[in-house]
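Trainee: This structure is in structure tokens; I'll ask about it shortly.
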Amino acid sequence: MLQGRGGFIALVLTAALFALPLYLPGQAGANANRFEVYSWWTGPGEGEGLEAMIKHFTTANPDIEFVNAAVSGGAGSNAKAILASRLLANDPPDSYQRHAGLELLDDVRSEKVQDLTDLFEEQGWMTTLPQGLLDNLTIDGKIYAVPVNIHRANLMWYSPATLEELDLAAPPKTWDEFLAQAPGIAATGRTPLALGSAWTQKHLLETVLLGELGPDLYVGLWTGRTSWLSTEVTAALETFKQILRYTDLRSAASDWQPQIDRVIDGTAVYAVMGDWANSYFSLTKQLKWRAEYDVVASPGTEGVFDFLSDAFTLPTGSQHPTLAKKWLVECGSVEGQNLFNPIKGSIPARTDADSGPYKDYLAWNLKQWRDPKTTIVGSLAHGVVANNAWSAEIDTALALFMQDGETGKFATTVAKKYRETR
């Protein structure tokens with residue numbers, strides 16, 4: 001993840017230099033049947049899942065030349081930078097990927113994407129998608145992106161064998177319980193909580209805030225209803241600071257996979273990470289669910305689903321808007337979501353998709369997503385609840401907090417930047 005707007009602008013300019021020879025305004029219109037979809041899905045699972053959807057789509061639309069314009073690298077940051085240069089040049093693809101939520105706000109305000117509310121009504125998605133998801137998709141009363149999947153952020157992963165070796169009956173249900181376990185774990189020479197690079201630290205922050213504040217106050221942080229200077233938030237940030245004492249922050253892993261490796265090899269006991277980690281455990285490392293790795297809701301968040309979602313848009317200036325709408329219907333359909341998600345390692349956004357293809361962890365997670373008692377909230381680290389400018393300011397403030405540990409300064413800065421970036 002990029003830290004600060006300066007780094008993002010530099011990457012956009014660099015990406016533009018590479019992108020210009022490949023993408024020229026009007027190029028997509030040179031072939032009336034050339035249909036281009038842009039994403040960052042190139043890795044194991046996601047690339048194959050996308051290809052499964054493409055095959056289904058092109059079978060129904062055999063006369064088109066489908067261009068899979070996926071860009072790899074940087075957990076999507078490279079793709080976003082090149083896309084930014086194309087949108088500035090008024091040369092959009094026919095549809096492009098974003099994280100659902102306020103990550104799309106800049107595109108909405110600059111009129112780079114079209115309103116899809118009528119398509120949602122037409123396809124019945126207002127009733128087949130949970131209200132908590134619809135609320136987070138809605139920007140100024142309208143919806144601009146179609147979610148194809150759901151991932152979960154508020155999860156704590158662990159090895160049952162490690163807990164047994166340490167004589168720990170269960171992972172902690174609250175952060176106070178974690179802090180009670182942590183000294184004993186540390187005394188054995190193990191790291192209580194593995195940590196990765198900067199974006200994983202932001203991910204941990206949001207799960208601690210959610211666990212300590214509860215869903216209502218957590219949601220209020222992103223709407224202005226909960227004051228960052230309140231006693232509740234101050235206490236939650238102090239808890240976060242205590243938790244950091246029991247991480248490997250000073251030797252933090254370069255990314256989330258090495259962070260998970262420390263749980264697998266037993267040098268760390270827990271890791272907070274989204275459910276893309278499940279594919280790493282089960283497919284990459286060939287470990288068995290429940291027996292060799294397991295997961296619970298992150299402390300304090302039982303019954304809450306902190307979601308993120310990949311979604312596709314109808315860009316303003318798409319050369320093939322009718323085809324683009326057909327692609328969006330593919331993304332939002334039962335067939336499309338059930339082709340993509342079991343391979344990707346995510347679950348369908350729809351509540352009526354067949355649950356048969358989802359096994360082990362995915363079945364456990366899907367049941368909770370569909371439970372009407374589950375409270376749905378959006379992720380900070382993954383684009384749902386904060387616009388791009390404010391999110392970048394939080395990144396900068398968090399990087400300083402990781403060095404100085406000054407909770408008051410962090411909270412004051414985040415509150416100030418919220419007002420400045422609205």
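Trainee: Does S95 fit the bill of being crowded, with 20+ Cβ neighbours inside 10 Å, closer than 13 Å to L314 by Cα and either in contact with a Cys (Cβ under 6 Å, 6 or more places away or on another chain) or in the same structural domain as A69 (by TED's automatic domain parsing) (or both)?
Mentor: On the way: crowded, with 20+ Cβ neighbours inside 10 Å: yes; closer than 13 Å to L314 by Cα: yes; either in contact with a Cys (Cβ under 6 Å, 6 or more places away or on another chain) or in the same structural domain as A69 (by TED's automatic domain parsing) (or both): yes.
Spelling it out, S95 is indeed crowded, with 20+ Cβ neighbours inside 10 Å, closer than 13 Å to L314 by Cα and either in contact with a Cys (Cβ under 6 Å, 6 or more places away or on another chain) or in the same structural domain as A69 (by TED's automatic domain parsing) (or both).
Trainee: Which of the residues belonging to region 392-422 are in contact (Cβ under 8 Å) with a residue 60 or more places away in the chain, small (G, A, S) and in a helix (DSSP H, G or I)?
Mentor: A392, A399, G408, A411, A415
Trainee: So, one more: Need pairs with beta-carbon distance below 6 Å; first residue closer than 12 Å to L102 by Cα and within region 131-144, second of a type in the set (G, A, S); sequence gap 6+ or separate chains.
Mentor: Going by the 6 Å Cβ cut-off, the qualifying pairs are N136/G101; N136/G378; L137/A100.
Trainee: Another question, then. Residue pairs, Cβ under 6 Å, 6 or more apart or interchain, first in region 277-289 and at negative phi, second part of a helix (DSSP H, G or I) and among the charged types (D, E, K, R). List them.
Mentor: The qualifying pairs are W289/D360.
Trainee: Identify the residue in region 202-230 that is among the aliphatic types (A, V, I, L, M) and buried (at least 20 other Cβ atoms within 10 Å of the Cβ) and, among all such residues, is farthest from the chain's Cα centre (by Cα). Please lay out each step first, then the result.
Mentor: Taking region 202-230 first, the residues among the aliphatic types (A, V, I, L, M) are 204-205, 208-210, 213, 217, 219, 221, 229.
Pick out the ones that are also buried (at least 20 other Cβ atoms within 10 Å of the Cβ) and you get 204-205, 208-210, 213, 219, 221.
Numbers: L204: 13, L205: 14, V208: 16, L209: 17, L210: 16, L213: 21, V219: 16, L221: 18 Å.
Filtering first and then ranking leaves L213.
Trainee: Check off (1) under 19 Å from E36 (Cβ atoms); (2) touching a strand residue (DSSP E or B) at 6+ places or on another chain (Cβ under 6 Å) for D115 and give me the number that stays unchecked.
Mentor: That leaves (1) as the condition not met.
Trainee: Continuing with this model, one more query. Give W199, W125, W175, W157 a once-over and let me know the one that is of a type in the set (F, W, Y), under 30 Å from S95 (Cα atoms) and more than 16 Å from the chain's Cα centre (by Cα).
Mentor: Details: W199 fails: more than 16 Å from the chain's Cα centre (by Cα); W175 fails: under 30 Å from S95 (Cα atoms); W157 fails: under 30 Å from S95 (Cα atoms).
Of the residues listed, the single one that is of a type in the set (F, W, Y), under 30 Å from S95 (Cα atoms) and more than 16 Å from the chain's Cα centre (by Cα) is W125.
Trainee: I need the full set of residues from region 157-188 which are more than 17 Å from R290 (Cα to Cα) and of a type in the set (V, I, T), in order please. So that I can check it myself, show each step before the final result.
Mentor: The first filter runs over region 157-188 and keeps only residues more than 17 Å from R290 (Cα to Cα), leaving 166-167, 173-188.
Within region 157-188, T174, I185, T188 meet the criteria.
Trainee: Name every residue in region 363-401 that is out of contact with any Lys or Arg (no Cβ under 6 Å at 6 or more places or on another chain) and charged (D, E, K, R), in order of residue number.
Mentor: Listed by number, the residues that qualify are K367, R370, D371, K373, D395.
Trainee: Which one of L339, L380, L308 is among the aliphatic types (A, V, I, L, M), more than 30 Å from A194 (Cβ to Cβ), crowded, with 22+ Cβ neighbours inside 10 Å and at pLDDT 95 or above? I'd like the intermediate steps shown before the answer.
Mentor: Details: L380 fails: more than 30 Å from A194 (Cβ to Cβ); L308 fails: more than 30 Å from A194 (Cβ to Cβ).
Unique residue meeting the criteria: L339.
Trainee: State all residues of region 410-422 that are of a type in the set (K, R) and either crowded, with 16+ Cβ neighbours inside 10 Å or in contact with a Pro (Cβ under 7 Å, 6 or more places away or on another chain) (or both); if no residue qualifies, say none.
Mentor: At the first step, the residues of region 410-422 found to be of a type in the set (K, R) are 416-417, 419, 422.
Result: K417, single match.
Trainee: Kindly indicate which of Q181, Q259, Q242, Q201 is modelled with pLDDT of 95 or more and within 23 Å of W364 (Cβ to Cβ). Reasoning before the result, please.
Mentor: Numbers: Q181 fails: within 23 Å of W364 (Cβ to Cβ); Q242 fails: within 23 Å of W364 (Cβ to Cβ); Q201 fails: within 23 Å of W364 (Cβ to Cβ).
The conditions single out Q259.
Trainee: In the list T407, T351, T396, which residue meets the criterion of being outside the structural domain of L204 (by TED's automatic domain parsing) and either of a type outside the set (A, V, I, L, M, F, W, C) or surrounded by fewer than 22 Cβ atoms within 10 Å (Cβ to Cβ) (or both)? Break it down stepwise before answering.
Mentor: On the way: T407 fails: outside the structural domain of L204 (by TED's automatic domain parsing); T396 fails: outside the structural domain of L204 (by TED's automatic domain parsing).
Only one candidate passes the filter, namely T351.
Trainee: Does N341 satisfy the condition of being among the polar types (S, T, N, Q), within 27 Å of A386 (Cβ to Cβ), touching a residue at least 24 places away in the same chain (Cβ under 8 Å) and in the same structural domain as E46 (by TED's automatic domain parsing)? I'd like the intermediate steps shown before the answer.
Mentor: Details: among the polar types (S, T, N, Q): yes; within 27 Å of A386 (Cβ to Cβ): yes; touching a residue at least 24 places away in the same chain (Cβ under 8 Å): yes; in the same structural domain as E46 (by TED's automatic domain parsing): yes.
It is true that N341 is among the polar types (S, T, N, Q), within 27 Å of A386 (Cβ to Cβ), touching a residue at least 24 places away in the same chain (Cβ under 8 Å) and in the same structural domain as E46 (by TED's automatic domain parsing).
Trainee: Step by step: first the residues of region 34-53, then only those that are over 14 Å from E330 (Cβ atoms) and touching a strand residue (DSSP E or B) at 6+ places or on another chain (Cβ under 6 Å), then the one that is surrounded by the fewest Cβ atoms within 10 Å (Cβ to Cβ). Which residue is that? Lay out the reasoning, then the answer.
Mentor: Quick first cut of region 34-53, residues over 14 Å from E330 (Cβ atoms) only: 34, 36, 38, 40-48.
Imposing the further condition that a residue be touching a strand residue (DSSP E or B) at 6+ places or on another chain (Cβ under 6 Å) reduces the set to 34, 36, 38, 41-42.
Values: R34: 17, E36: 22, Y38: 23, W41: 23, T42: 15.
Among those residues, the one meeting the criterion is T42.
Trainee: Moving to a separate point now. With a cut-off of at least 2 residues that are within 21 Å of T207 (Cβ to Cβ), name the helices (runs of 4 or more DSSP H) lying wholly within region 114-164. Give the derivation first.
Mentor: Working: elements: 117-123, 125-128, 131-137.
The helices (runs of 4 or more DSSP H) meeting that bar are 131-137.
The values are calculated or read from the model by the stated rules, or taken from the named source; none is laboratory data. Here the structure is a predicted model, which is why all the values come from computation and not from measurement. A quick note on method: Cβ atoms are made from the backbone with ideal geometry, for glycine too, and the neighbour counts reach across all protein chains shown.
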